[in-house]
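Participant: Got a structure for you, questions after.
The values are calculated or read from the model by the stated rules, or taken from the named source; none is laboratory data. Everything numeric here is computed off the predicted structure, so don't read it as measured data. Cβ atoms come from the backbone with ideal geometry, glycine included; neighbour counts cover every protein chain shown.
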Amino acid sequence: MFCVNCQKEVEARIVTGADIYGPHSACRDVPYAMCPDCGNYGEYAINKEPPFSVIPTFELRKAYNHIDCHFSALWEWQIMTKAEAEALMSKRLYNGERPYRTHEIRTHSEAVDAYKMAKLLYKEFITDVKHS
């Protein structure tokens, strides 16, 4: 996995939320990938789609939350499927040259671009639904 903090590929350790947040946390059983060099961690998609390849910094983890606050509404409100929303983000952000996954963002500038696009898509699709 690529550790954004170390700016290099590392052999991540798979830990649980209990290791990070303590045994009484709500996410104690959730798997995380942890950098063995700096201790940075990020979500590990073991039972989801393909595993993530990025261990984000604290700032990027916060950015992911802000992006997904707007972006995930597209499929949670059943405006489109998650795959359709990701394809639309890919087309608009990367001209369809690579797939879009929020947890694959590696830089602050890419996170800012994704946030702006997620807000635009939210405004485009969700605002219309609310006013229908």
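Participant: Need at least 1 residues that are modelled with pLDDT under 95 and farther than 20 Å from S53 by Cβ per element, so show me which helices (runs of 4 or more DSSP H) inside segment 78-132 make the cut, counting only ones lying wholly within it.
Facilitator: It comes to 108-121, 127-130.
Participant: What is the number of the single condition among (1) touching a helix residue (DSSP H, G or I) at 6+ places or on another chain (Cβ under 7 Å); (2) exposed (fewer than 12 other Cβ atoms within 10 Å of the Cβ); (3) closer than 30 Å to P36 by Cα that S109 does not meet?
Facilitator: All conditions are met except number (1).
Participant: Right, something else. Quick one: how many residues across segment 83-98 are loosely packed, with under 14 Cβ neighbours inside 10 Å and either aromatic (F, W, Y) or farther than 12 Å from F125 by Cβ (or both)?
Facilitator: Adding up the residues that qualify gives 7.
Participant: Take the conditions surrounded by 13 or more Cβ atoms within 10 Å (Cβ to Cβ), under 24 Å from V112 (Cβ atoms), out of contact with any Pro (no Cβ under 8 Å at 6 or more places or on another chain) and aromatic (F, W, Y) and apply them to Y41. Does it pass?
Facilitator: Yes; evaluated as a whole, the condition is true for this residue.
For every residue, the table says whether it meets (1) within 21 Å of Y32 (Cβ to Cβ); (2) among the polar types (S, T, N, Q); (3) touching a Lys or Arg at 6+ places or on another chain (Cβ under 8 Å).
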site: P51; (1), (2), (3): yes, no, no
site: I55; (1), (2), (3): yes, no, no
site: M80; (1), (2), (3): no, no, no
site: A85; (1), (2), (3): no, no, no
site: N95; (1), (2), (3): no, yes, no
site: F125; (1), (2), (3): no, no, no
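Participant: Test of understanding: among C6, C27, which residue is surrounded by 13 or more Cβ atoms within 10 Å (Cβ to Cβ), modelled with pLDDT of 95 or more and not assigned by TED's automatic domain parsing to the domain that holds E124?
Facilitator: From the options C6, C27, the qualifying one is C6.
Participant: Oh, and also: Does I67 meet the test of being over 17 Å from M1 (Cα atoms), assigned to a loop (DSSP other than H, G, I, E, B) and in the same structural domain as I126 (by TED's automatic domain parsing)?
Facilitator: Spelling it out, it is not the case that I67 is over 17 Å from M1 (Cα atoms), assigned to a loop (DSSP other than H, G, I, E, B) and in the same structural domain as I126 (by TED's automatic domain parsing).
Participant: Please count how many residues of segment 10-34 are touching a Lys or Arg at 6+ places or on another chain (Cβ under 8 Å) and touching a residue at least 12 places away in the same chain (Cβ under 8 Å).
Facilitator: Counting residues in segment 10-34 that are touching a Lys or Arg at 6+ places or on another chain (Cβ under 8 Å) and touching a residue at least 12 places away in the same chain (Cβ under 8 Å) gives 4.
Participant: While we're looking at this one, here's another question. Scan segment 48-78 residue by residue and report those that are of a type in the set (D, E, K, R) and under 20 Å from Y122 (Cβ atoms).
Facilitator: Within segment 48-78, K62, D68, E76 qualify.
Participant: Only one residue in I14, I55 is surrounded by 15 or more Cβ atoms within 10 Å (Cβ to Cβ) and among the hydrophobic types (A, V, I, L, M, F, W, C). Which one?
Facilitator: Going through I14, I55 in turn, just one is surrounded by 15 or more Cβ atoms within 10 Å (Cβ to Cβ) and among the hydrophobic types (A, V, I, L, M, F, W, C): I55.
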